[in-house]
Amino acid sequence: MSDSRTLGSLARALGLREDEVGLVVPGFAMFFLLFAGYFMLRPVRETMGIAGGVDNLQWLFTATFLATLAAVPLFGALVARAKRRHILYWVFGFFASNLLAFAAGFLADPGNIWNARAFYVWISVFNLIAVSVAWSVLVDVVESARARRLFALMAAGASLGGLVGPLAGGLMVAAIGHAGLLAASALLLAVAAFAAGRVHAWRDANGVPIDGTARPAPRTQALGGSAFAGAKTVLRSPYLLGIAAFVTLLASVTTFLYFEQARLIEAAFPDPTRQTQVFSAIDVAVQALAILSQLFLTGRIATRLGVGVLLAGVPLMVAAGFVLLAFSPVFAVLAAVMIVRRAGEYAFVRPGREMLYTVVSPEDKYKAKSFNDTVVYRGADALAGWTKSGIDALSSHPAAAMTIGALVALAWGLNGAWLARRYARIDSTPNPKVPLRHGRTCA
C-alpha cells in the first residue's frame with residue numbers, strides 16, 4: 001500500500017496520469033538509450049575535432065552539411081515507402097550497422113586520421129537524423145495538449161542518457177577501446193528501437209484524439225509522396241518556414257559558442273586527454289541540470305505559461321551570456337554560458353520546438369520536420385562556422401563575434417515568441433484553416 005501511495009505521489013508530482021505510464025516509460029527509455037549511446041561517443045568526437053585543428057573546424061562543418069544533403073533525400077524516399085510505424089526501425093537499424101562498420105575500421109587501423117574525420121562527420125549526421133526520427137514518433141502519437149505535459153518527462157530520458165553515456169564511456173574506454181564503445185552504442189540503439197515499438201503499442205491501445213475526435217490515423221500505411229516533399233512543404237508554409245528560421249538561429253548561436261569553446265579549451269588545456277575530461281565534465285553538468293528541469297519545471301511552464309516561455313526564455317539568457325563573453329572572454333564564463341545554453345535547449349527549447357509539430361499533418365511530422373532538423377540545421381552550422389572564422393580573421397578580439405552572437409540570439413528569441421503565438425492560434429481552432437502548404441491545412 002505504501003509503495004502504491006509513493007508511486008501515486010510521484011506521478012502527481014510529475015503531472016502524470018495512470019493511463020499515460022505506458023507512454024512515458026517507453027518514451028523515456030527510447031531517449032535514454034539513444035542518448036546514452038551517442039554521448040558515450042561525443043567526447044571522443046570533440047577531441048577528434050580539435051586534433052584536426054581548430055582552424056579547420058569550418059571544413060568539418062561544411063563536410064557535415066554536404067553529407068546531410070546527401071542523406072536527407074534517402075531518408076525522404078524511405079519515409080515515402082515504409083509504413084509509418086516502421087520508419088524508426090529502418091533508420092536505427094541502418095545506423096547501428098554503420099557503427100559496427102566504423103568499429104571494424106578502428107580495430108583495423110586505429111590511427112587513421114581519415115577514419116577519424118569520417119566518423120566526426122558521420123556522427124554529426126547520425127545525431128540529428130536519429131533524434132529527429134525519435135521525436136517524429138512522439139509528435140505522431142501524442143496530441144498537443146498531452147505533449148505540453150509529457151514531452152519534457154520523456155525528454156528527461158535524453159538528459160539521463162547524456163549523463164550516463166559519458167560516464168560509462170569514460171569507465172569502459174580503457175578496457176574495450178573506441179571500437180568497443182561503438183559496438184556498445186550500436187546495441188543501445190537496437191534496444192531503443194524496441195522501446196519505440198512500445199510507444200506505438202500504447203498509441204494502438206489508447207488512440208489519440210485528432211481535432212476533437214477519436215478517429216485513428218492509418219499508421220500501417222506508407223506516407224507516399226516525393227523524397228523531396230519536406231523541402232517543398234517548408235518553403236510553401238509560413239509556419240514551417242518560421243520553424244526553419246528558429247532552427248537556423250539556434251544552430252548559428254550554437255556554432256558561435258562551439259567555435260569559441262574549442263578555441264578557449266585548446267588554449268587552457270593543451271593535453272588531449274585533459275580536453276576530453278573537460279568536455280565530459282561539461283556534459284555531466286548540462287545533463288544534471290537539464291533532467292531536474294525536465295522532470296519538475298518544463299511541463300508546468302508549458303501548461304501554465306505557454307510554449308512561448310520555452311522558446312523565447314533561453315535565447316534571451318544566451319544573448320546576455322554573449323554580452324558577458326564580449327567583456328570577459330575566459331573559459332570560466334564560456335563554460336557557464338555553454339551549460340546554460342545546452343541545458344536550456346534540452347530542458348525547454350527542444351520540447352517546446354517539438355510541440356510545434358503536433359499540429360501539422362502526419363507527412364509533415366516526418367518529412368518537413370526532418371528537413372528542418374537536418375538540412376536547415378547543418379546548413380546554418382556551416383554558414384555560421386565560416387562567418388565566425390571570417391569575423392575572427394578580421395578582428396583579433398573575440399568581442400566582435402560575441403556581439404554579433406548576442407544579436408542573433410535576440411532574433412532567435414523574437415522568432416520563438418512569434419512561433420508560439422502561431423502555434424497557440426492553430427491549436428485553439430477545432431478545425432484549423434491555417435494553410436501549411438498549398439492546398440492543405442494542418443491535421
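Rg/Rh for the stretch 66-131: what does it come to with C-alpha atoms and Rh from Kirkwood? Intermediate values should be presented prior to the final figure.
Values: Rg = 13.4 Å, Rh = 13.0 Å.
Looking at the stretch 66-131, the ratio lands at 1.03.
Provide, in order from the shortest bin, the percent of all Cα-Cα pairs of the stretch 237-277 in each 10 Å bin, continuing until the bin that contains the maximum pair distance.
So the P(r) values, bin by bin, are 27, 30, 21, 15, 7.
Could you sort the peptides 118-128, 228-238 by per-residue average Cβ neighbour count (10 Å cutoff), highest mean leading?
Details: 118-128: 21.0, 228-238: 19.3.
The peptides rank, most packed first, as 118-128, 228-238.
Show me the ranking of peptides 240-248, 133-141 by mean Cβ neighbours inside 10 Å, starting with the highest. Mind showing how you got there, number by number?
Values: 240-248: 21.4, 133-141: 24.4.
Going from most to least packed, we get 133-141, 240-248.
Only the coordinates and a few stated rules stand behind these numbers; no lab work does. Everything numeric here is computed off the predicted structure, so don't read it as measured data. Backbone-built Cβ (ideal geometry, glycine too); neighbour counts: all protein chains shown.
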